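> There's a structure below that I have some questions on.
The values are calculated or read from the model by the stated rules, or taken from the named source; none is laboratory data. Computed from a predicted structure; not experimentally measured. So basically every Cβ, Gly included, is an ideal-geometry build from the backbone, and we count neighbours across all protein chains shown.
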Amino acid sequence: MAPILSVRDLEKTYEGGFQALKSVSLDIQEGEVFALLGPNGAGKTTLISTICGLVRPTSGSIYVGGHDALKEYRAARQLIGLVPQEMPTAPFEIVGDTVALSRGLFGLRPDPARVESILKDLTLWEKRSNPIMALSGGMKRRLLVAKALAHEPKILFLDEPTAGVDVELRHDMWRIVGELKDRGVTIILTTHYIEEAEEMADRVGVINKGEIILVEEKAELMRKLGRKLLTLSLTEPISAIPGGLSGYQLTLENDGTCLTYTYDTHAERTGITSLLTDLSKEGVRFHDLQTDQSSLEDIFVGLVRQEQETS
């Protein structure tokens, strides 16, 4: 199946010589939730703005639903909804009117029932007659989503959708994303909140310094790069790891009171049984143990750090 969004060798260099995007290539499949992660200044917003037609690329190609986004701009843009980080709308506009206007901007006929459905889904119906300036910050964020959905796009871009909002609204946004996915909407989000990607994404892309350094299914990424740790709480602190344990990936922590062992659960043997045997031989006793798996945040931080060290 052809991807609903295909980007090839996309580059953007601003006046002054700053290169924000460097040969970015990316395919997004219809109906998936794709999380784009990266530190500040990595190129996330520039990439989204370029795909959505707000920034013109220096070179490369963008196809949206089979349409060349540079040559068939209207057809491509019709398929895209964008939720920006900030509210660009005049504060005196009425909530219901601004959503209806967003639909009209794409040449669609008025559809009060559709506008009502969107506002109700986003718990904005009771605010439909209010000016935007009367909305709370969370409600304004919901309104941005409503405006982006007004023309029934097939692809929805969410640029830092929960930045600066409370935990309750963040969870509401996760619910909304899940419902949109169930309807077949393709969702691409940028976020600083790794738990959002861990909660919602099917695939994860990492961008740093304008380059895509990794694209992987979330579960596979966790499997490949997620560390598994066994932490042993020692009965008596030790000053150094005994030589007889040098063959294991051990780290001494907490002033010599804890040993951590890194292992791969998908290997034929984890080495835990032999480690416990060798600990006993070396006279190292422990009174408790626990296992942990690294989070997507651990993986992301490690990837970016590795990229920075090698560049």
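> Does Arg142 satisfy the condition of being over 16 Å from Val185 (Cβ atoms), in the same structural domain as Ser49 (by TED's automatic domain parsing), under 20 Å from the mean Cα position of the chain (by Cα) and without any contact (Cβ under 8 Å) to a residue 40 or more places away in the chain?
yes
> If Phe92 meets every condition in (1) in a loop (DSSP other than H, G, I, E, B); (2) within 27 Å of the chain's Cα centre (by Cα); (3) aromatic (Phe, Trp, Tyr) apart from one, which number is that one?
(2)
> Sticking with this one: Are there any pairs with C-beta distances below 6 angstrom linking a residue in the stretch 1-28 that is outside any loop (DSSP other than H, G, I, E, B) to a residue that is surrounded by fewer than 22 Cβ atoms within 10 Å (Cβ to Cβ) and basic (Lys, Arg), with the two at least 6 apart or on different chains, and if so which?
Here the result reads Ser25/Arg8, each pair linking the stretch 1-28 to a residue that is surrounded by fewer than 22 Cβ atoms within 10 Å (Cβ to Cβ) and basic (Lys, Arg).
> If we keep just the residues of the stretch 131-148 that are aliphatic (A, V, I, L, M) and touching a helix residue (DSSP H, G or I) at 6+ places or on another chain (Cβ under 7 Å), which is nearest to Arg103 (Cα to Cα)?
Ala146
> Go through (1) more than 16 Å from Pro153 (Cβ to Cβ); (2) of a type in the set (Gly, Ala, Ser); (3) surrounded by 21 or more Cβ atoms within 10 Å (Cβ to Cβ) for Ser59 and report which single condition fails.
So the condition that Ser59 fails would be (3).
> Quick one: in the stretch 166-196, of everything that is in contact with a helix residue (DSSP H, G or I) (Cβ under 6 Å, 6 or more places away or on another chain) and part of a helix (DSSP H, G or I), which residue is modelled with the highest pLDDT?
Val177
> State whether the residues of the stretch 46-53 include one that is touching a residue at least 12 places away in the same chain (Cβ under 8 Å), outside any helix (DSSP H, G or I) and within 22 Å of Lys181 (Cα to Cα).
Taking every residue of the stretch 46-53 in turn, at least one turns out to be touching a residue at least 12 places away in the same chain (Cβ under 8 Å), outside any helix (DSSP H, G or I) and within 22 Å of Lys181 (Cα to Cα).
> If you don't mind, another one. Say we look at the stretch 235-279 and pick out the residues that are polar (S, T, N, Q) and surrounded by 15 or more Cβ atoms within 10 Å (Cβ to Cβ); which of these is modelled with the lowest pLDDT?
Among those residues, the one meeting the criterion is Thr270.
Each row is one residue, and each column tells you yes or no for (1) surrounded by 16 or more Cβ atoms within 10 Å (Cβ to Cβ); (2) touching a residue at least 40 places away in the same chain (Cβ under 8 Å); (3) not assigned by TED's automatic domain parsing to the domain that holds Thr191.
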position: Ile80; (1), (2), (3): yes, yes, no
position: Glu93; (1), (2), (3): no, no, no
position: Thr98; (1), (2), (3): yes, yes, no
position: Leu105; (1), (2), (3): no, yes, no
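> Would you mind finding the one in Ala75, Ala42 that is over 20 Å from Lys154 (Cα atoms), out of contact with any helix residue (DSSP H, G or I) (no Cβ under 8 Å at 6 or more places or on another chain), surrounded by 14 or more Cβ atoms within 10 Å (Cβ to Cβ) and among the aliphatic types (A, V, I, L, M)?
That would be Ala42, the only listed residue that is over 20 Å from Lys154 (Cα atoms), out of contact with any helix residue (DSSP H, G or I) (no Cβ under 8 Å at 6 or more places or on another chain), surrounded by 14 or more Cβ atoms within 10 Å (Cβ to Cβ) and among the aliphatic types (A, V, I, L, M).
> Right, another one. Looking at the stretch 4-30, which of its residues are under 30 Å from Glu179 (Cβ atoms) and surrounded by fewer than 17 Cβ atoms within 10 Å (Cβ to Cβ)?
Result: Asp27, Gln29, Glu30.
> Has the stretch 280-289 got at least one residue that is assigned to a loop (DSSP other than H, G, I, E, B), modelled with pLDDT under 85 and in contact with a strand residue (DSSP E or B) (Cβ under 9 Å, 6 or more places away or on another chain)?
Checking the stretch 280-289: not a single residue is assigned to a loop (DSSP other than H, G, I, E, B), modelled with pLDDT under 85 and in contact with a strand residue (DSSP E or B) (Cβ under 9 Å, 6 or more places away or on another chain).
> Looking at Thr98, Thr13 in this structure, which one is out of contact with any strand residue (DSSP E or B) (no Cβ under 6 Å at 6 or more places or on another chain) and farther than 19 Å from Arg203 by Cα?
None of the others qualify; the one that does is Thr98.
> Could I ask something else about it? So, Glu126, is that one at pLDDT 95 or above and either among the acidic types (Asp, Glu) or outside any helix (DSSP H, G or I) (or both) or not?
Considered against the rule, which asks whether it is at pLDDT 95 or above and either among the acidic types (Asp, Glu) or outside any helix (DSSP H, G or I) (or both), Glu126 comes out as yes.
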